[in-house]
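J.: The structure that follows is given in the form of structure tokens.
Laboratory data are not the source of any read-out in this text; all were calculated from the coordinates shown. Small disclaimer: the values here were computed from a predicted structure and weren't measured. Using ideal geometry, Cβ is built from the backbone for each residue, glycine included, and neighbour counts are taken over all protein chains shown.
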Amino acid sequence: MDIVTWLVVGLVAGVLAGLVVGGYGLLADIVVGIVGAFIGGALFAHMGWHAPFVGLAGTIFVAFIGALILLVVLHLIHSATYRRRALY
């Protein structure tokens, strides 16, 4: 894949995941989408799963799942540190 494809996949997957969970802005959503592609790809490969779509749609789907996982973890970490600061 070339860099433009990575950016498009990251943008679409990150924005979609941001709409579902709550994002951090356009540039952060692109980064979340690209990192989510690695997380989703590793998860799908490890579990032996296949994307339900072929081509770019399948890549975006896998990246979206990975971005969802990443955003949920980031929100959990953020809320835990916020609650800890609020206690002091």
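J.: Scan around Tyr24 for amide H atoms under 5 Å from its own, H built in the peptide plane at 1.01 Å from N, and keep only partners 5 or more places away or cross-chain.
T.: Amide H to amide H, under 5 Å and 5 or more residues apart or across chains, Tyr24 pairs with Asp29.
J.: What are the radius of gyration and Dmax of the chain, computed over its Cα atoms and given in Å?
T.: 14.1, 51
J.: Hull surface divided by four, with the convex hull built on the Cα atoms of the stretch 5-50: how many nm²?
T.: 3.2 nm²
J.: Taking 35 Å as R0, compute the FRET efficiency from the Cβ-Cβ separation of Leu74 and Ile3 and round it to 0.05.
T.: 0.90
J.: Related question: In nm, to one decimal, how far is the Leu43 label point from the Val20 one, both placed 7 Å along Cα→Cβ?
T.: 0.8 nm
J.: Can you tell me the orientation of helix 56-87 relative to the chain, as the angle in degrees between its alpha-carbon axis and the longest Cα principal axis, to the nearest 10?
T.: 10 degrees
J.: Give me the angle, in degrees from 0 to 90, between the Cα long axis of helix 3-17 and the longest principal axis of the Cα atoms of the chain, rounded to the nearest 10.
T.: 50 degrees
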